[in-house]
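Below is the structure I would like to discuss, written out as structure tokens.
The values are calculated or read from the model by the stated rules, or taken from the named source; none is laboratory data. Owing to the predicted nature of the structure, the values given are computational and were not obtained by experimental measurement. Note: ideal-geometry Cβ built from the backbone for every residue, glycine included; neighbour counts use all protein chains shown. Ligands, DNA and RNA are excluded from the accessible area calculation, which covers all protein heavy atoms including side chains. Shrake-Rupley method; radii C 1.70, N 1.55, O 1.52, S 1.80 Å.
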Amino acid sequence: MPDLEITCAECGTTFPFTEREQDYYRERGLTHPKRCKPCRDARRQNFGGQRQGGGGGERERFEIVCDQCGKADSVPFKPQEGRPILCGECFAASRAQRGA
């Protein structure tokens, strides 16, 4: 299977879609990319802000008080009542414990 040249739907430049990349996409059941890597990266970076209805800026953050240590912090998701909420430090420590 030869390499393909694809035209980016975002910026109009052509980019190579290598045989190796084609195999990777096929194995995972993905369709061919429509955008070049720089445009995909830019879209991915701005996606969080757009999802929140903004113009691609920072994600909305919510102020919390950690259920474990009592420290004030902010999180990038809306906390749900009845579920424990941890500050960044406690979350990282609990995640490290689970992974070890």
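Full extension from Lys37 to Ile64: what is 0.36 nm times the residue separation minus their Cα-Cα distance, to one decimal in nm? Before the final figure, lay out the partial values.
On the way: separation 27, 0.36 × 27 = 9.72 nm, distance 3.62 nm.
Result: 6.1 nm gained on full extension.
Here's a follow-up. Roughly what angle does helix 88-99 make with the longest principal axis of the chain, taking Cα atoms, 0 to 90 degrees, to the nearest 10?
Long axis of 88-99 versus the principal axis of the chain: about 70 degrees.
In terms of the ratio Rg/(2.2 N^0.38 Å) built on C-alpha atoms, what value belongs to the chain? Numbers along the way, then the final one.
Working: Rg = 20.2 Å, N = 100, 2.2 N^0.38 = 12.7 Å.
Cα Rg divided by the expected 2.2 N^0.38 Å: 1.60.
Normalised by the residues of the chain, what does the relative contact order come to in percent, with Cα pairs under 8 Å and at least six apart? Please list the in-between numbers first.
Values: 108 pairs, mean separation 14.5, N = 100.
Here the relative contact order equals 14 percent.
Could you tally the net charge around Ala72, taking each other residue with its Cβ under 13 Å from the Cβ of Ala72, Lys/Arg +1 and Asp/Glu -1?
Values: positive: Arg61, Lys71; negative: Glu63, Asp67, Asp73, Glu89.
The answer is -2.
Given a 1.4 Å probe, how much area per residue of the chain is accessible, in Å²? Don't jump to the answer; show the numbers that get you there.
Numbers: 7920 Å² over 100 residues.
Using a 1.4 Å probe on heavy atoms only, each residue of the chain averages 79 Å².
Carbon-plus-sulfur fraction of the accessible area of the chain, 1.4 Å probe, in percent?
On the way: 3930 of 7920 Å².
Percent of accessible area from carbon and sulfur atoms in the chain: 50.
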